[in-house]
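Visitor: Please find one structure pasted underneath; my questions will follow.
No value in this document is a laboratory result; all are computed from the given coordinates. What you see is a predicted model, and the numbers here were worked out from it, not measured in a lab. Note: ideal-geometry Cβ built from the backbone for every residue, glycine included; neighbour counts use all protein chains shown.
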Amino acid sequence: MGQSKRLPDSVSFNLIPALAIILAAQLNINLFVSDFKISVAVVLLPVFSYLLSGFNLPVVTLLCAPGVFLFRSAYHWLTTDSWQGVLTAYGPEMFFYLVYGFSLYGYLRRRSLHKDYALLLPVLTGIDYLANLTELSFRLGTGVFAMEIQPRLILVALGRSLLTAALLAAFELYGFSLLKKEHAQRYRKLLLLTSKLRGEMVWMQKNASLIEETMNTSYRLYDRLKKEGHDPALADAALTVAKDIHEVKKEYGMILRGISEALDADLDKERMGLREICGILEESLQREAKAAGKEVRLTVELSRDFLVNKPYYTMSILRNLFTNALEAKEDGPVELSLKAKEEGGRWLVTVSDNCGGVPKEYLSEIFSPGFSTKINFETGAVSRGLGLPLVVDLVEHELGGRLTVENAGEGAVFSLEIPKQSMEVTE
């Protein structure tokens, strides 16, 4: 049952490649022997074998051999109004395709067109020569071994094989280029994801301290209630809360350790330049802007590029500033500008936008945890307000710098002052 279904599927899938070869064979030239037509159609057999994963070489060969003969015979009948002599003129060419196709199939059962490049040219030349020799044997008999015939057969075989090898090499190079591009895109996405996780880890570690403090407060409350002779049930409730928080703390600690191990501390040794970080963030911004139906442009001006000391923290800082601007702008393109210059042992980095700035009454509050002006009036959802507080924490506590904000022009300007030894790899 399975076999009977596979064969028709194989034939139908390979019908188009076979038809392409048959049609390509109609473009030919006649060389040194009457009716011996040379075309580049046979080059498509190894090319399709390389490109198409479901390509069935024996099936295509069995379709091409009679197909080429029938097309040539039909053309002969259309131009001469006669079928006379078609078998003698075009029949031998069927053996050319049969020998070439099945010889190539025998080679591919043991080797791959993706490997053994040193063997590829001589093998293809040998197969092409053998197929031509077979066809001409039907046309000339032993005369095929004449000295004036053999060098020409070798040259034809070598020329077609060189073309085939060149095409396969081009496809290989193109495929490798695409693979490198795909790997680079995946790597950039991984870097961005890692920076997000690193940023969230800062808050998770802070929350771990808060959990510890809450647990201690609950235990002290239990101890006080017990010593002062309050309702024992109330004291037991305080103790239960302290125990539950302790369990939460243990589970939370396991989660923190798991994420830390997954991120791996050695990632901090990753070497990335500031311009490369900006490039990764720009790609991410473009995707976010497209999803939101917005347009964003980022310009970067550096007094010089340099390797960033803690690239994931830097990426998280800039990503939050860029994303905030993108979310704040309602109409028109978002214009973002990043400038960085070295001054007096510090790096001064400014991020400015054209998104309307921060209302004066909020300037002193925007770095406070939980503060947010972002609300969806349809759903009632409010932003958790942790983006800018996270930026402050990373700048001040992780990098030992300072972050300020002011309104200027059409938007806000965030200014970062970070010591050079914290910002730049100096070793």
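Visitor: For a label point 7 angstrom out from the Cα of GLU295 toward its Cβ, which stretches of the range 324-368 have the backbone nitrogen within less than 12 Å?
Guide: Once the point is set 7 Å along Cα→Cβ of GLU295, 332-335 turn out to lie under 12 Å by backbone N, inside the range 324-368.
Visitor: Among rounded, prolate and oblate, which fits the range 284-327 when a ≥ b ≥ c are the square roots of the eigenvalues of its C-alpha gyration tensor, a/c under 1.5 means rounded, and a/b larger than b/c means prolate?
Guide: Verdict is prolate for the range 284-327.
Visitor: While we're on this one: When the chain is fully extended, how far beyond the present Cα-Cα distance does GLN286 get from THR88, taking 0.36 nm per residue of separation?
Guide: Computed gain between GLN286 and THR88 is 64.8 nm.
Visitor: To continue, here is another question. Output the peptides 304-311, 52-59, 246-253 sorted from most to least packed, where packing is the average of other Cβ atoms within 10 Å over each peptide's residues.
Guide: The most tightly packed comes first, giving 304-311, 52-59, 246-253.
Visitor: Continuing with the same structure: Which of the peptides 75-87, 151-163, 344-356 is most tightly packed, and how do the rest follow, judged by the mean count of other Cβ atoms within 10 Å per residue?
Guide: With the highest mean Cβ count within 10 Å placed first, the list reads 344-356, 151-163, 75-87.
Visitor: Let me ask something else. Hey, can you rank 406-417, 207-218 by average C-beta count inside 10 Å, highest first?
Guide: 406-417, 207-218
Visitor: To the nearest 0.05, what FRET efficiency results for LEU210 and SER303 with a Förster distance of 30 Å applied to their C-beta separation?
Guide: After rounding to 0.05, the efficiency reads 0.15.
Visitor: Could I ask something else about it? Tell me which residues come under 5 Å, amide H to amide H, from GLY273 once H is placed; ignore anything under 5 positions away on its chain.
Guide: VAL308
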